[in-house]
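The values are calculated or read from the model by the stated rules, or taken from the named source; none is laboratory data. Being a predicted model, the structure only gives us computed values, none of them experimental. We place every Cβ from the backbone using ideal geometry, glycine too, and count neighbours over all the protein chains shown. Areas reflect the complete protein model, heavy atoms only, side chains present, ligands, DNA and RNA absent. Shrake-Rupley method; radii C 1.70, N 1.55, O 1.52, S 1.80 Å.
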Amino acid sequence: MSTTARDLLDLSLVDLAGALDAKRVSSREVTDAALGRITATDTRVGAFLTVTAERARAQAEAADARAARGARLGALDGVPIALKDIFLTKGVATTAGSRILEGFVPPYDAAVVERLEAAGAVLLGKLNMDEFAMGSSNENSAYGPCRNPWDLSRTPGGSSGGSAAAVAARQAFGALGTDTGGSIREPAAFCGVVGMKPTYGRVSRYGVIAFASSLDQVGPLARTVGDSAALLQAIAGRDDRDMTSSARPVDDYRAALEGGAKGLRIGVPREWLEAEGLDAGVARRVREALAAYETMGARLVEVSLPHTRYGIAAYYLIAPAEASSNLARYDGVRYGLRKPGARGLKEMYAETRDEGFGAEPKRRIMLGTYALSAGYYDAYYLRAQKVRTLLRRDFDRAFEACDVVAGPVAPTVAFRLGEKASDPLAMYLADVFTVTCNLAALPGLSLPCGLHPTEAMPVGLQLLGRPFDEVTLFRAGRALERELPPLPRPPGIEP
Ligand code: GLN
């Protein structure tokens, strides 16, 4: 790749927007550079399931025509981005990483896709993910694993693994993912990028393939905090087609970015840094980030989230219960795969579902169906919902003493492919610090806080905020980003 294409792809989304505005570069040029980068690197990374090159070039030319008329639509106009394959895209295959959706071409766009297109964004294609967003390593994809651009023998995290890897590998200037129990924040941490899970209800889920509807939320993965703010700005807001989307006005995220950390009260949960299984190198980087906040004039306060230890158990009841209901619609009749040769309707359902779903969705359908069945509902689902209330109260109490809660995103850096693939429980435990945010419906930001002292892999810092206080997370995240040296390019895919 020529140095100019290389330099172009190193720009942040916001800087690229500036260059497009000043006509120093055209959208067509940068789109071609991104497509070239995908061709050159993606056989190794495996971030893309579908590349929509022609459509991207046409969108880029339309953006350039607008720029020539002096009618650019805003920050995202002409900027190449990509989408987790969980968002419905009209006319473009959408699989959710599952065989059961093989051949499914949606007849309409998700609300967030409409919004990005209305903002002029160029869509490069659809990104790899764990099947139906179930997983923490992208290894549950029916279409092969995605690899971490920092070290190709490691996972990029999941379930939005393709989104994090594509952004880290400079294949796209930003991506959308979804986060039900950590699926934006964990892969962002593993790949050294910024991931934002907004408050439940901040972004429309219309046209997003449902996993666990009371937890699912859409958000951006990007290389900088400012890029992430620009993307969220474009997709946030009420949508009448998703009754859980909030009518609250959307804050001006970018205006709040440079507010600094001075005066912020940062809550450090006692239970988190002492958690069993937390890697010492990860803990060290997180503590250093906390110390950097103090240097910047923030105040650290100890808080307690005593119900954290029930988070995984509650999450792995509620999410499978809701999934078992959401996945009932894949029956071979309406979408995607249908097993031929069955002798009757029931047999067709059973054979299609047996062939179409991988092991993890099957495991969750069984667990979820069991947890919801008569006689067990009160013992499992209802109790898990009560834990949810207790968790929310923990946070409400913590936020009386602090403005953001800070801690690790994951207990370790990106683990190796295969390391946990045959042990579902070990995989579930990787989510210990991320699931409580979804259960309590809070916003959460994951941002790089350096490389692990011995493993040379990125470590993520997690910041959680009050409901709908994304502004404070962006402000706190940006302050740290400014303070720390930027990460180098991921070395795993350098020539
Ligand atoms: N790893 C978690 C799970 O497997 C979270 C997934 C997600 O956020 N979509 O359910």
Hits in region 16-49 - residues which are in a loop (DSSP other than H, G, I, E, B) and among the charged types (D, E, K, R)
K23, R24
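If you check S137, S153, which single one turns out to be closer than 28 Å to M457 by Cβ and open to solvent by less than 10 Å² (accessible area, probe 1.4 Å)? Explain how you work it out, then say what you get.
On the way: S153 fails: open to solvent by less than 10 Å² (accessible area, probe 1.4 Å).
Only one candidate passes the filter, namely S137.
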For region 111-122, give me each residue that is open to solvent by 10 Å² or more (accessible area, probe 1.4 Å), within 18 Å of G91 (Cα to Cα) and among the hydrophobic types (A, V, I, L, M, F, W, C).
A118
Single unsatisfied condition, P145 versus (1) away from the ligand (no atom under 11 Å from the Cβ); (2) open to solvent by less than 10 Å² (accessible area, probe 1.4 Å):
(2)
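For (1) within 19 Å of L290 (Cβ to Cβ); (2) away from the ligand (no atom under 16 Å from the Cβ); (3) charged (D, E, K, R); (4) at pLDDT 95 or above, each residue gets a yes or a no:
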position	(1), (2), (3), (4)
A359	no, no, no, yes
R363	no, no, yes, yes
D396	no, yes, yes, yes
R416	no, yes, yes, yes
A426	no, no, no, no
F433	yes, no, no, yes
P443	no, no, no, yes
S446	yes, no, no, yes
H452	yes, yes, no, yes
Scan region 162-185 for residues that are within 8 Å of the chain's Cα centre (by Cα) and within 11 Å of the ligand (Cβ to nearest atom) and jot them down.
G177, T178, D179, G182, S183, I184, R185
Looking at L345, is it open to solvent by 20 Å² or more (accessible area, probe 1.4 Å), closer than 24 Å to A313 by Cβ and at pLDDT below 95?
no
Check region 186-208 and report whether any residue there is within 13 Å of the ligand (Cβ to nearest atom), within 22 Å of L327 (Cβ to Cβ), in a loop (DSSP other than H, G, I, E, B) and open to solvent by 10 Å² or more (accessible area, probe 1.4 Å).
yes
Does any residue in region 161-183 that is under 17 Å from A56 (Cβ atoms) and assigned to a helix (DSSP H, G or I) come within less than 8 Å, Cβ to Cβ, of a residue that is among the acidic types (D, E) and within 15 Å of the ligand (Cβ to nearest atom) six or more places away or on a different chain, and which pairs are these?
G162/D85
S98, sole failed condition from (1) surrounded by fewer than 24 Cβ atoms within 10 Å (Cβ to Cβ); (2) in contact with an Asp or Glu (Cβ under 9 Å, 6 or more places away or on another chain)
(1)
Only one of D85, D77 that is open to solvent by less than 10 Å² (accessible area, probe 1.4 Å) and closer than 26 Å to K362 by Cβ
D85
Every residue in region 231-260 that is out of contact with any Lys or Arg (no Cβ under 8 Å at 6 or more places or on another chain), open to solvent by less than 20 Å² (accessible area, probe 1.4 Å) and under 19 Å from R482 (Cα atoms), please.
Y253
Exclusive hit being out of contact with any helix residue (DSSP H, G or I) (no Cβ under 7 Å at 6 or more places or on another chain), touching a residue at least 60 places away in the same chain (Cβ under 8 Å) and open to solvent by less than 70 Å² (accessible area, probe 1.4 Å), set A323, A313, A328:
A313
Kindly state which strands (runs of 3 or more DSSP E) lie completely within region 392-483 and contain at least 1 residues that are more than 20 Å from the chain's Cα centre (by Cα) and closer than 22 Å to A164 by Cα.
444-451
Filtering region 221-252 down to residues that are in a loop (DSSP other than H, G, I, E, B) and acidic (D, E) yields D239, D240, D242, D251, D252
